[in-house]
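Enquirer: Have a look at this one before I ask anything.
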Amino acid sequence: MERKIGFGIIGLGTVAATHAAALAAGRNCYLAGAYSSTEGKAEMFCRTHGGTPYTDLRAFFADPAIEAVCITTPSGNHMDPALASIGAGKHVLIEKPLEITVERCDRIIAAAGKAGVKLSGVFQSRFYDAPRLVKDALDSGRFGRIMLADAQFKYFRSQEYYDSGVWRGTVELDGGGVLINQGIHAVDLLRWFMGGVARVGAFTSTLAHQRIDVEDAGVAALRFDNGALGIIEGTTGAFPGAYKRIEICGTDGSVVLEEESIKLWTFRQETGEDALIRSRFADVNASVGGVADPRVSNTVGHERQIEDFADAILYDREPAVTGEDARTSVALVLAMYESAKTDAFVTLR
């Protein structure tokens, strides 16, 4: 019987329940404990999801059953618990984004490397079947020369959503608005598909919400390292919201991905599997998206990523999403913010 990796969770907000459900479903992992400094919160969480509740962080780290830690605190509060976990010798899986500055990402990556522990950032969209098919087609050269690659995420979040937590919509703890928060999954998918970005120019604005310090709308023009051009377009003010959409157009083929549905799958050189792919993925939405609700009602992507991370620990290999991967997507969003602030194109380092 395969050994299972015990995970602890630090930060018991909305997304922690998603991690707990994914751990419960995993073949090689389980929830060993949960920590919150708020009296009673960890007990209530563990009563629902299992594991040992902790209000003492030292006791949490001293639990030998906890080999890995899921960091699910607000975005701008990822570094400190991550560094503490690494210092305790725990492997670390951090919800998106890895952190809200490149410098903080680098500190986490350096600490994990020095300690010899595994580090990964959560980008569960990579683990669904349809995006993997797109990635395989790209890697095998089926698109020919890529011309255009676009990502759209036109979501809806009410004013009440932003008012529901003091950290929501703040630069200090959210890191930014729709681009780094809701939209970073689409940004990461586009970058995963296309490789590096050479230059970016962006505009951001706050158009639909009040009492927030961050953008609720943003657009960017990209030039990728491979010469292709692209657009990123997102908002949290588009009622009633729409699924994220990625379009890739090449000289030998084009694909349109809408969440896990494949709306277009056409190549100059057809294979025997293409018709089956079009039929199977014509109307699939396994993730249910984040169109108008931040809660994840389907945990398949998280399940697969956590299982991959547990396997990385068990078999001493790199996880499918490394800390450097997660850093690169953060760096792209921050380059968009820099461009919007300076009204100039930014060359990515």
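Every number in this text was worked out from the coordinates using simple rules, so none of it is lab data. Small disclaimer: the values here were computed from a predicted structure and weren't measured. Note that each Cβ is placed from the backbone with ideal geometry, even for glycine, and that neighbours are counted across all protein chains shown.
Enquirer: Between Ala24 and Asp316, how many nm apart are label points set 7 Å from Cα along the C-beta direction?
Expert: About 3.5 nm separates the two model spin labels.
Enquirer: Can you tell me the length gained on complete extension of the stretch Asp129 to Thr251, counting 0.36 nm per residue apart and subtracting the Cα distance?
Expert: Answer, rounded to one decimal: 41.5 nm.
Enquirer: Next question. Along the Cα-to-C-beta direction of Arg107, a point sits 7 Å from the Cα; which residues of segment 66-80 have their amide N less than 15 Å from that point?
Expert: Only 75-80 fall inside the zone, counting backbone N under 15 Å.
Enquirer: Using a ≥ b ≥ c from the Cα gyration tensor of segment 243-349 (square roots of the eigenvalues), is it rounded, prolate or oblate, where a/c under 1.5 gives rounded and otherwise the larger of a/b and b/c decides, a/b for prolate?
Expert: oblate
Enquirer: How much length would be gained if the chain were fully extended between Val171 and Ile231, taking 0.36 nm per residue of separation minus their Cα-Cα distance, in nm to one decimal?
Expert: Between Val171 and Ile231, full extension yields an extra 19.2 nm.
Enquirer: I need the calculated FRET efficiency for the pair Arg3 and Gln210, taking r as the beta carbon distance and R₀ as 56 Å, to the nearest 0.05.
Expert: The value I calculate is 0.65.
Enquirer: If you plug each phi of segment 100-109 into the Karplus form 6.51 cos²θ - 1.76 cosθ + 1.60 with θ = phi - 60°, what whole-Hz ³J(HN,Hα) values come out, in order, with x for Gly and Pro?
Expert: 9, 9, 5, 4, 5, 4, 5, 5, 5, 4
Enquirer: Lysine pairs in the chain 8 or more apart or on different chains: how many have alpha carbons under 16 angstrom apart?
Expert: 7
Enquirer: Rounded, prolate or oblate: which fits segment 15-80 when a ≥ b ≥ c are the square roots of the eigenvalues of the alpha-carbon gyration tensor, with rounded for a/c under 1.5 and prolate only if a/b beats b/c?
Expert: It comes out rounded by the Cα gyration axes.
Enquirer: Here is a follow-up. Just want the ordering: Asp163, Asp325, Asp283, from fewest to most Cβ atoms lying within 10 Å of their own Cβ.
Expert: By the 10 Å Cβ count, ascending, the order reads Asp283, Asp163, Asp325.
Enquirer: Could I ask something else about it? Would you kindly state how much longer the chain becomes between Thr14 and Lys263 on full extension, computed as 0.36 nm times their sequence separation minus their alpha carbon distance, in nm to one decimal?
Expert: That pair, Thr14 and Lys263, stretches by 86.5 nm at full extension.
Enquirer: Shifting gears a bit: I'd like the antiparallel share, as a percent to the nearest 5, of DSSP beta bridges with both residues in the chain.
Expert: 55 percent
Enquirer: Still on this structure, I have one more. Mind ordering 230-236, 81-87, 21-27 by average Cβ neighbours within 10 Å, highest first?
Expert: Top of the packing list down: 230-236, 81-87, 21-27.
Enquirer: According to the square roots a ≥ b ≥ c of the eigenvalues of the Cα gyration tensor, what is the shape class of segment 191-283, taking rounded for a/c under 1.5, prolate for a/b larger than b/c otherwise, and oblate for the remainder?
Expert: oblate
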